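Notes follow once the structure below has been shown.
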Amino acid sequence: MFFRMKTSGPRTYLQVVENRWEGGRSRQRVVATLGRLDQLQPSGQLDALLVSGARLARSVLVLSEHAEGKLPTISVRHIGPALVFQRLWQLTGCQHVIQQLLKGRRFEFAIERALFLTVLHRLFDPGSDRAADKWKESYQIEGCEGLQLHHLYRAMGWLGDDLPRKKQADKTPFAPRCNKDLIEERLFARRRDLFTQLQLVFFDTTSIYFEGQGGETIGQRGHSKDHRPDLKPMIVGAVLDGQGRPICCELWPGNTADVTTLIPVVDRLRSRFGVTKVCIVADRGMISTETIEELEKEERGWEYILGVRMRSQNEVKDEVLARAGRYRVVHPQRTTGDAPAPLKVKEVRVAGRRYIVCLNDDEARKDAADREAIVASLREKLRTGEKSLVGNKGYRRYLNSTGVDHFQVDEAKIEEEARYDGKWVLRTNTDLDTAEVALQFKRLWMVEAWFLSTKSLLQTRPIDHKCDETLRGHVFCSFLALVLRQELEVRLAKDGHDFEWADVIQDLDRLQMVEVEQDGKRFLLRSGVQGTCGTVFRAAGVAVPPTVQQAPKDPADPDRNPSATPRM
């Protein structure tokens, strides 16, 4: 039933009307005519009628009085983050795996809840463990009410604790096996039935720096990819499968060279995950002659697609790039903004070694234009005698010396540099089609995106942990956060949605539960579902709580229950 205004001549009447199904169609029937609207409104009769009816519909009355500010507010808490990601925490197996590993262990606090709190905090408001402890006060997270800061520290330490000696057989030379390794292996085993075998894995590394001690062994000085040689870094390696699912992360001391990391990771894939055959995709920073020789040994038999250093490898510079041949068009020039970047490829074989030369015409034009601008500026500066420009790396590469304090533009270097415009070279031992090799290597951006996300989730600097195990646990929580994020993104994509991640986080964070009191009773009022929030709930398989519900009573305090959990 509903109200309807009926105009008859100069007057408007207020009626109560109901819809009825008669003769296979919907018909409206006037239940009652309440009177003339111009008389009901000034007299207050309409307001009295609605208030009288609201007593029979308590939800409407509670909402109305709350909107008017007539009800005392007991608490306001964000509920969207925990409701969605608690479900994903379960679906991915994170909760079950951690609980199984903790079975038989006795702690005076819930480690699994402490880890979930830390992971959730990384997703919504990245910060330190101390920040997470304060953050949780404004959020409704089941089972986290009694957690304190030292519990979070101890949970990080448990993740990074070394396993017993008998379980250290397949550790890398750079770090021991710890509890986080067991979690990765069991998560992989749970989802392995989703695919028959790993066909591709993508591997890359980055560095995360610390201020202060940075752990007993992890914080060692080395090449800083953050361009902070004054601080102690830690190397983080990531392995993703062909669908972009994080398989594992490796955590090593900051002085670990990239070229030494690939073989231990490859060997561990077999021992940890039972992988028998896989193709490794990695960038040129991982590669050396010794690395390739190790990969090709008969006892390994691994396939690979590896980036190549074009300028420093003589075989590539003098033979591969000099070899004539027609390029094959994989992606033509863009005609729309969302089209893939242009790509051409050609195959070159040198003494049985297979190389793929890739060319992006857009990048080639950009590289040429950038170089022309640099050289033009350099010529102008040299004419005015500004020799200080020799210290500029961008200028220096195009100069040669003709004597003390005498320099000139090196035309041969300019011509040589033009050979590399828009190109990259790959080496592979696979039988994949030439275009497929190039496209799979381009997918290495998934790992780069993973690292970008990791660093945004690790906005905790300065990182205060001083023990290796807590540092390992601290970083691994970002890995678990990305496992949940990737699961949600896959579910959204399956439903045909491609949302900005910032919008998803913001819309979920807006969903609140307000606890109010009316006539001695407590009620929970949910805020409106905005933006992507409803779609995200559906993708995660979670029901949005009712708009109004009576708060369940706390047995310890029947008159107060600020941490009540909404019914699903």
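Values in this text are rule-based calculations from the coordinates and carry no lab data. Note that the coordinates shown come from a computational prediction; the quantities given were computed from them, not determined experimentally. When we count neighbours, we look across all protein chains shown, and the Cβ atoms used for this are built from the backbone with ideal geometry, even at glycine.
Going by how many other Cβ atoms sit within 10 Å of their own, how do MET5, MET156, MET513 line up, fewest first?
Taking fewest neighbouring Cβ atoms as first place, the list is MET5, MET513, MET156.
Quick check on the exposure proxy: order SER453, SER43, SER377 from fewest to most C-beta atoms within 10 angstrom.
Ranking SER453, SER43, SER377 by Cβ neighbours within 10 Å, fewest first, gives SER43, SER377, SER453.
Of the peptides 494-502, 168-176, how do they stack up when ordered by the mean number of other Cβ atoms within 10 Å, highest first?
Ranking, from highest mean packing down: 168-176, 494-502.
In debye, nearest 20: dipole of the stretch 2-56 around its Cα centre with unit charges on the Cβ of K, R (+) and D, E (-)?
Dipole size: approximately 220 debye.
Cut-off under 18 Å on the C-alpha distance; same-chain residues fewer than 8 positions from LYS553 excluded. Which aspartates and glutamates are left, in chain and number order?
Of all the aspartates and glutamates, those that pass the test against LYS553 - Cα under 18 Å, at least 8 places apart if same chain - are GLU142, GLU145, GLU515, GLU517, ASP519.
Determine, for each peptide in 111-118, 472-479, 322-329, 92-99, the mean count of other beta carbons within 10 angstrom over its residues, then list the peptides with the highest first.
Going from most to least packed, we get 472-479, 111-118, 92-99, 322-329.
Taking the Cβ of GLN512 as the center, what net charge do the other residues with Cβ under 11 Å away carry, scoring Lys and Arg +1 and Asp and Glu -1?
+1
What net charge do the residues around PRO342 carry, taking every other residue with its C-beta under 13 Å from that of PRO342, with Lys and Arg at +1 and Asp and Glu at -1?
+4
So who's got an amide H within less than 5 Å of the one on LEU399, skipping anything under 5 residues away but keeping other chains? H placed 1.01 Å off N, in plane.
Residues meeting the criterion, in which the H sits 1.01 Å from N, are ASP410.
For every other residue with a beta carbon closer than 12 angstrom to the beta carbon of GLY531, add +1 if it is Lys or Arg and -1 if Asp or Glu, then tell me the sum.
-3
Using the structure shown, list the pairs from LYS346/LYS381; LYS297/LYS346; LYS103/LYS136; LYS134/LYS171; LYS423/LYS494 with a Cα-Cα distance above 31 Å, or answer none.
Exceeds cut-off: LYS346/LYS381; LYS134/LYS171; LYS423/LYS494.
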